Amino acid sequence: MEAGGHKAAPTQPKVGEAVMVNVPATTANLGPGFDCLGAAVELGNRFQLTVLEGGGTHFELIIESSDGSHLRGGPDNLVYRSAQRVWREVGMEPMALEARVHLAVPPARGLGSSATAIVAGLMGANALMGEPLGKEKLLELAIDIEGHPDNVVPSLLGGLCLTARAASHRWRVVRCEWHPTVQAVIAIPTIRLSTADARRAMPKQIGIADAVSNLGSLTLLLQGLRSGNGDLIADGMHDRLHEPYRWPLIQGGTEVRRAAMQAGAWGCVISGAGPSLLALCPVDKAQLVAAAMAMSWEGKGVGVRSEILQLQKGGSNWSKASPIN
């Protein structure tokens, strides 16, 4: 991925001007692809960004979901901080914004909620100024803000993406294939797990044997996803870098994984940092797997919803919204 430059001179948006940004959820890691592999899925957040009177650090947040009632506006909000990165990049003064968010991706569930906020802030601010920055530059900024690429890259581009920092120090994005006979089932519990807590559970160093195991598993998984070969997927969905340390943080998680496997899944892994779980299975087993995962968590007293989700291939998009007079 090239760094990308400016496409055109930025234009100052008028007060009341608004854009709508649609950003898909993501499921990252997929077992062995820690911090480098992620897929966009057909579940997403919708952000309407509107320019307000004033400037500086004024940011108003309106959440259209009870799931995000704890989220707050203000200058430290992730949407606004991401917008500020765009303004700094093009030399534009900060402006006051309102974000009205239809929240379908619940926060702190391992589905890339923070990535949707970052992408919405970057893409929305860029759109309001006439898109002075290219998508490659937005990707670079998104990765820098998030700190790792596995959620923000597929959130922006769509599909299944493998992203790596090359020896040339450039970020390289490889769009990988996902066979239509491979179905994703995601069980989303009501319990939360912050990415920071999940990362603190991991060791500072890993052994060579664990690294080699993950390299092999990732190769098998990608080939299985490309070809639809369930045996390769089953052997590829094994991780020794992060999952052994995160399963104990997820109430009832190992039992849910076992239920998914017994219902016909090829594998079941932690989605992102958790606590949501991702199962991959044949299309004709999806309903059984979804029901088994939900039943297992409910048996532990945990509220849950199971989603049978398709790969979202288009990535994020924006359109002009009705201006506020």
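The values are calculated or read from the model by the stated rules, or taken from the named source; none is laboratory data. From a predicted model like this one, the values you see are computed outputs, not experimental measurements. Note: ideal-geometry Cβ built from the backbone for every residue, glycine included; neighbour counts use all protein chains shown. Surface areas here come from the heavy atoms of the whole protein model, side chains and all, with no ligands, DNA or RNA. Shrake-Rupley method; radii C 1.70, N 1.55, O 1.52, S 1.80 Å.
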Scanning segment 20-47 residue by residue, those open to solvent by less than 40 Å² (accessible area, probe 1.4 Å), at negative phi and of a type in the set (S, T, N, Q) turn out to be Thr26, Thr27, Asn45
Somewhere in segment 258-269, is a residue buried (at least 20 other Cβ atoms within 10 Å of the Cβ), under 28 Å from Val119 (Cβ atoms) and in contact with an Asp or Glu (Cβ under 6 Å, 6 or more places away or on another chain)? no
Of the residues in segment 146-183, those that are aliphatic (A, V, I, L, M), modelled with pLDDT under 95 and not in a strand (DSSP E or B) come to Ala166, Ala167
Run Met202 past the list (1) open to solvent by less than 70 Å² (accessible area, probe 1.4 Å); (2) farther than 27 Å from Ala104 by Cα; (3) of a type outside the set (Asp, Glu); (4) in a helix (DSSP H, G or I) and report the number of the one that doesn't hold. (4)
Conditions (1) buried (at least 21 other Cβ atoms within 10 Å of the Cβ); (2) small (Gly, Ala, Ser); (3) touching a strand residue (DSSP E or B) at 6+ places or on another chain (Cβ under 6 Å); (4) closer than 25 Å to Leu157 by Cβ: number failed by Ser319: (1)
Only one of (1) in contact (Cβ under 8 Å) with a residue 60 or more places away in the chain; (2) buried (at least 18 other Cβ atoms within 10 Å of the Cβ) is not met by Gly253, so which one is it? (1)
What are the pairs, 6+ residues apart or on separate chains, where a residue within segment 69-97 that is under 25 Å from Gly134 (Cβ atoms) has its Cβ under 7 Å from a residue that is of a type in the set (Ser, Thr, Tyr) and in a loop (DSSP other than H, G, I, E, B)? Pro94/Thr57
With respect to Ala99, determine if the residue is of a type outside the set (Lys, Arg), under 25 Å from Pro154 (Cβ atoms), outside any loop (DSSP other than H, G, I, E, B) and in contact with a strand residue (DSSP E or B) (Cβ under 9 Å, 6 or more places away or on another chain). yes
